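**Q** Quick one: the structure is below, and I'll ask about it shortly.
The values are calculated or read from the model by the stated rules, or taken from the named source; none is laboratory data. Since we're looking at a predicted model, the values are computed, not measured. Note that each Cβ is placed from the backbone with ideal geometry, even for glycine, and that neighbours are counted across all protein chains shown. Protein only, heavy atoms only, side chains kept; ligands, DNA and RNA dropped before computing areas. Shrake-Rupley method; radii C 1.70, N 1.55, O 1.52, S 1.80 Å.
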Amino acid sequence: MKFAAQLRDVVKEYVLDGETVRALRGASFDVPQGDYVAIMGPSGSGKSTLLNLLSLLERPTGGEIIVEGVSSAAMDPASLARFRNMTMGFVFQFHYLLPEFTALENVLIPVWIRYGEASAEAQAEARRLLDRLGVSSAAHKRPTQMSGGQQQRTAIARALINRPRIVYADEPTGNLDRESGDAALTLLRELVREQGTTLVMVTHDREIALRADRIIEMVDGRVCRSFDLHAQTVAAVRRMLDERICTPASHGMTQ
Ligand SMILES: Nc1ncnc2c1ncn2[C@@H]1O[C@H](COP(=O)(O)OP(=O)(O)OP(=O)(O)O)[C@@H](O)[C@H]1O
Ligand SMILES: [Mg+2]
């Protein structure tokens with residue numbers, strides 16, 4: 001099996017006002033190429049930290065992150081940036097569309113960053129993605145003139161325009177109502193499947209997680225459980241998630 005990413009005993013500490021916060025305390029798991037991996041866990045369990053490390057934005061304090069077989073420790077800052085740009089796409093909880101640009105222009109920003117210009121093919125691809133995502137009517141609107149759902153779909157198109165090999169999504173529908181969120185995620189899933197793209201998505205929504213190939217459940221900076229949705233039935237996994245074994249060791253924890 002080929003892996004898009006592998007984490008080995010990853011530790012991440014932040015120093016905040018002289019105190020050390022241990023966001024990750026030895027997390028290990030594999031992300032098989034082409035899989036959809038859902039990351040769940042209570043607030044503060046280290047989910048966003050995991051994505052920041054996997055997307056090579058930050059370096060671990062300890063342990064190892066291996067992307068497509070190469071240890072990130074072996075890459076210098078320039079190769080890290082190039083690798084990010086060439087292989088990864090991102091969808092954030094708050095979409096971060098640029099307000100002064102239209103939807104179409106926002107989708108094309110990763111193309112401009114990579115190639116310095118947007119070819120006619122890239123522009124056609126951007127329109128095709130907006131169309132697939134049901135927001136072609138908003139192509140020439142600016143974010144403030146669009147609904148939250150339209151903005152989030154535009155952000156999904158932007159994440160996919162350069163055909164990344166892996167997409168990282170951190171609660172991509174956190175600010176949408178259930179119905180719009182579900183529709184946007186179904187389209188994201190469809191598009192990544194068509195492109196053979198790996199998807200790693202943080203979500204609080206169990207029903208969305210249950211559509212993944214595997215679920216990683218985090219607690220207190222560690223992997224508490226993981227479920228292979230091909231080896232277990234959805235009903236069985238739903239039951240196990242109901243048991244709520246993975247809860248933080250103490251309430252109001254700051255470490
Ligand atoms: N830049 C930072 N500086 C200091 N502490 C941080 C930083 N980023 C995260 N932390 C701390 O690390 C821990 C894990 O944070 P993280 O954002 O990864 O949690 P999360 O699982 O994504 O939570 P949520 O579901 O609320 O988004 C928390 O205790 C958080 O306060
Ligand atoms: Mg988070």
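**Q** Can you pull out the GluC sites (Glu not before Pro) in region 168-255 that DSSP calls coil and that have at most 16 other Cβ atoms within 10 Å? Kindly include the intermediate steps, with their values, before the conclusion.
**A** Working: sites: 179, 190, 194, 207, 217, 243; in loops: 243.
Here the sparse-neighbourhood loop sites are 243.
**Q** In addition: Quote the charge dipole size of region 162-229 about the Cα centre in Debye, to the nearest 20; the model charges only the Cβ of Lys and Arg (+1) and of Asp and Glu (-1).
**A** Details: 10 positive and 13 negative charges, 65 e Å.
Dipole about the Cα centre, nearest 20: 320 debye.
**Q** Sorted from largest down, give the three principal axis spans of the alpha carbons of the chain, whole angstrom values.
**A** The Cα atoms of the chain stretch 51, 44, 42 Å along their principal axes.
**Q** Translational diffusion coefficient of region 171-251 at 20 °C, 1.002 mPa s, Stokes-Einstein with Kirkwood Rh over Cα pairs, in µm²/s as a whole number. List each step's numbers first, then the result.
**A** Working: Rh = 14.0 Å.
Stokes-Einstein gives a translational diffusion coefficient of 153 µm²/s.
**Q** Another question, if that's okay. Taking the Cβ of residue 60 as the center, what net charge do the other residues with Cβ under 11 Å away carry, scoring Lys and Arg +1 and Asp and Glu -1? Intermediate values should be presented prior to the final figure.
**A** Working: positive: 8, 12, 59; negative: 9, 13, 58, 64.
Neighbourhood net charge equals -1.
**Q** So who's got an amide H within less than 5 Å of the one on residue 5, skipping anything under 5 residues away but keeping other chains? H placed 1.01 Å off N, in plane.
**A** 31, 68
**Q** Could you state the accessible area per residue of the chain in Å², with a 1.4 Å probe and every protein chain left in place? Could the numbers behind the result be given before it?
**A** Numbers: 12200 Å² over 255 residues.
Per residue, the chain has an accessible area of 48 Å².
**Q** Turning to a different aspect of this structure: Can you figure out the FRET efficiency of residue 142 with residue 210, using R₀ = 41 Å and their beta-carbon distance, to the nearest 0.05? Each step should come with its number before you reach the end.
**A** Values: r = 36 Å, r/R0 = 0.88.
Efficiency for this residue pair is about 0.70.
**Q** Hey, another quick one. Determine which aspartates and glutamates satisfy two conditions relative to residue 47: a Cα distance under 17 Å, and not lying fewer than 8 residues away in the same chain.
**A** Of all the aspartates and glutamates, those that pass the test against residue 47 - Cα under 17 Å, at least 8 places apart if same chain - are 9, 13, 30, 58, 64, 170, 171, 205, 217, 220.
**Q** Next question. Quick one: pull the percent of accessible area on the chain belonging to carbon and sulfur, 1.4 Å probe, ligands and nucleic acids left out. Let's see the in-between values first.
**A** Details: 6170 of 12200 Å².
Ligands and nucleic acids excluded, carbon and sulfur reach 51 percent.
**Q** Expressed as a rounded percentage, what relative contact order does region 103-151 have, with Cα pairs under 8 Å and six or more residues apart? The partial results should precede the final answer.
**A** Details: 29 pairs, mean separation 20.7, N = 49.
Reported relative contact order: 42 percent.
**Q** Through the Karplus equation 6.51 cos²θ - 1.76 cosθ + 1.60, θ set to phi - 60°, convert the phi angles of region 19-31 into ³J(HN,Hα) values in whole Hz; use x for Gly and Pro.
**A** Per residue, the Karplus-derived 3J(HN,Hα) values read 9, 8, 9, 9, 6, 10, 10, x, 9, 9, 6, 10, 10 Hz.
**Q** Further question: Provide the gained length on full extension for the span residue 73 to residue 100, in nm with one decimal, where the gain is 0.36 nm per separating residue minus the Cα-Cα distance.
**A** On the way: separation 27, 0.36 × 27 = 9.72 nm, distance 3.73 nm.
Once the chain is fully extended between residue 73 and residue 100, it gains 6.0 nm.
**Q** What is the magnitude of the charge dipole of the chain about its Cα centre, with +1 placed on the Cβ of each Lys and Arg, -1 on the Cβ of each Asp and Glu, and no other charges, expressed in debye to the nearest 20?
**A** In total the dipole reaches around 280 debye.
**Q** Express in % the proportion of alpha carbon pairs of region 114-160 at distances exceeding 11 Å.
**A** Numbers: 712 of 1081 pairs.
The calculated P(r) of region 114-160 puts 66 percent of pairs beyond 11 Å.
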